Amino acid sequence: MSKKPIVLSISGHDPTGGAGIQADAESITHFDCHPCSIITCLTVQDSTTVHRLMPISADNIIHQAKALFNDMPISVIKIGLTGSIECVDAIASILKKHPNIPVIFDPVLACGDGSPLANTALINTIISQLLPLTTLLTPNTLEATKLSGLTNNTDISTLGAALLEQGASTVLITGGHVSGSTIYNHFFQKNETVRTFKWSRQAGDFHGTGCTLAASIAALIAQGFSLSSAIEQAQAYTDKSINNAQQIGRGQAFPRRL
């Protein structure tokens, strides 16, 4: 029996199970990969908001990584909530030691209700330290605006070009935060025509959709699919998960990762 590809999720712990490490593990497992993880921060949160972040020290993050990389062949790295400047610096040092492993980065800068999870200093560190090491960046439009430093009314093509200029190899900007009955996701590559994906908006408010999408892309790449194919399949899987979402708590519904 062949071994399952291994995807490493570097992200925060969401005690509700709707997002973060647990959501990543569910998505990665769905695509028949083995999930392993490095916790960047613990959180106090429920399905309505994040009440508190408790970042893990850089030393502990690095020690977690050293133990894993010395033990198993990791195919793809997926990054989510970073938590602090110290955490970002630690993650960057890990990525630099493994430059040939693809990196999928979902830059979690706010929780579902809009409360910020990253201040200006942390965002600037993410831009300088992580974007140049990222194979695919998967921000929503709000995150893309913050990372680019542009204004909220900036057109999507300018946002994508700015993020490529900051060092990300490719960028998928998701449009779930833009009003309308149709969601438009835009995929940017240097010197390539922008690809636009259209999805019907599903009624409701959902927790962990960005984690689901990015982790699914990472798993599909680990399975040998091209980046383009992984992006297409992961969007379809995320859409299905949202369609089957369950209202677990009092806040946002959780995608059901079947």
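Answer yes or no as to whether R250 is basic (K, R) and farther than 18 Å from V7 by Cα. Before the answer, list the steps.
On the way: basic (K, R): yes; farther than 18 Å from V7 by Cα: yes.
For R250, the condition - basic (K, R) and farther than 18 Å from V7 by Cα - is met.
Do you know which residues across the range 113-145 are of a type in the set (D, E, K, R) and buried (at least 20 other Cβ atoms within 10 Å of the Cβ)? Spell out how you get there, then give the answer.
Step one: filter the range 113-145 for residues of a type in the set (D, E, K, R), giving 113, 143.
Listed by number, the list holds a single entry, E143.
Can you name every residue in the range 1-56 that is buried (at least 24 other Cβ atoms within 10 Å of the Cβ), more than 24 Å from P116 (Cβ to Cβ) and not hydrophobic (A, V, I, L, M, F, W, C)?
Matches in the range 1-56: S27 only.
Which one is nearest to H34 (Cα to Cα), of the residues in the range 67-85 that are of a type outside the set (A, V, I, L, M, F, W, C) and in a loop (DSSP other than H, G, I, E, B)?
Step one: list which residues in the range 67-85 are of a type outside the set (A, V, I, L, M, F, W, C), which gives 70-71, 73, 75, 78, 80, 82-84.
Adding the requirement that they be in a loop (DSSP other than H, G, I, E, B) leaves 70-71, 73, 80, 82-84.
Details: N70: 16, D71: 14, P73: 11, G80: 18, T82: 22, G83: 24, S84: 27 Å.
Checking each candidate, the answer is P73.
For A67, all conditions in the list (1) more than 25 Å from Q246 (Cα to Cα); (2) buried (at least 17 other Cβ atoms within 10 Å of the Cβ) hold save one; what is the number of the exception?
With respect to (1) more than 25 Å from Q246 (Cα to Cα); (2) buried (at least 17 other Cβ atoms within 10 Å of the Cβ), A67 is out only on (2).
I want to confirm something. Restricting to the range 2-47 and keeping residues that are in a loop (DSSP other than H, G, I, E, B) and at positive phi, which single residue is modelled with the lowest pLDDT? Steps first, please.
Taking the range 2-47 as the starting set, the residues that turn out to be in a loop (DSSP other than H, G, I, E, B) are 2-5, 14-19, 31-33, 46-47.
Pick out the ones that are also at positive phi and you get 17, 32.
Values: G17: 93, D32: 97.
Selected residue: G17.
For the condition hydroxyl-bearing (S, T, Y), in contact with a Ser or Thr (Cβ under 9 Å, 6 or more places away or on another chain) and closer than 24 Å to E192 by Cα, what is the one hit in S148, S84, S115, S157?
Going through S148, S84, S115, S157 in turn, the sole match is S148.
Got a number for residues in the range 185-233 being crowded, with 20+ Cβ neighbours inside 10 Å and among the β-branched types (V, I, T)?
Qualifying residue count, the range 185-233: 5.
Any residue in the range 126-138 that's outside any strand (DSSP E or B): show its pairings with residues that are of a type in the set (D, E) and surrounded by 20 or more Cβ atoms within 10 Å (Cβ to Cβ) at Cβ separation under 9 Å, as long as the two are six or more apart or on different chains.
T138/D106
In the range 60-89, what count of residues is obtained for those that are under 16 Å from T40 (Cβ atoms), touching a residue at least 12 places away in the same chain (Cβ under 8 Å) and not basic (K, R)? It would help to see each step written out before you state the result.
Let us first name the residues in the range 60-89 that are under 16 Å from T40 (Cβ atoms), namely 60-68, 77-89.
Still in the list and also touching a residue at least 12 places away in the same chain (Cβ under 8 Å): 61-62, 64-65, 68, 77-89.
Filter once more, so that each one left must be not basic (K, R): 61-62, 64-65, 68, 77, 79-89.
Here the count works out to 17.
Could you tell me whether any residue of the range 48-66 is in a strand (DSSP E or B) and within 16 Å of the chain's Cα centre (by Cα)? Steps first, please.
Of the range 48-66, the ones in a strand (DSSP E or B) are 50-55.
If we keep only those that are within 16 Å of the chain's Cα centre (by Cα) too, we end up with none.
No, the range 48-66 contains no residue that is in a strand (DSSP E or B) and within 16 Å of the chain's Cα centre (by Cα).
Which number in (1) touching a residue at least 40 places away in the same chain (Cβ under 8 Å); (2) more than 28 Å from T145 (Cβ to Cβ); (3) in a helix (DSSP H, G or I); (4) of a type in the set (G, A, S) marks the one condition that A92 misses?
Going through (1) touching a residue at least 40 places away in the same chain (Cβ under 8 Å); (2) more than 28 Å from T145 (Cβ to Cβ); (3) in a helix (DSSP H, G or I); (4) of a type in the set (G, A, S) one by one, A92 breaks only (2).
Mind telling me which of the residues T135, T174, T125 ends up being of a type in the set (S, T, Y), at pLDDT 95 or above and either closer than 21 Å to A19 by Cβ or in contact with an Asp or Glu (Cβ under 6 Å, 6 or more places away or on another chain) (or both)?
Working: T135 fails: either closer than 21 Å to A19 by Cβ or in contact with an Asp or Glu (Cβ under 6 Å, 6 or more places away or on another chain) (or both); T125 fails: either closer than 21 Å to A19 by Cβ or in contact with an Asp or Glu (Cβ under 6 Å, 6 or more places away or on another chain) (or both).
Within the list T135, T174, T125, the selection yields T174.
The values are calculated or read from the model by the stated rules, or taken from the named source; none is laboratory data. These numbers were taken from a predicted model, which means no experiment stands behind them. Neighbour counts are summed over all protein chains in view; Cβ atoms, including those assigned to glycine, are modelled from backbone coordinates with ideal geometry.
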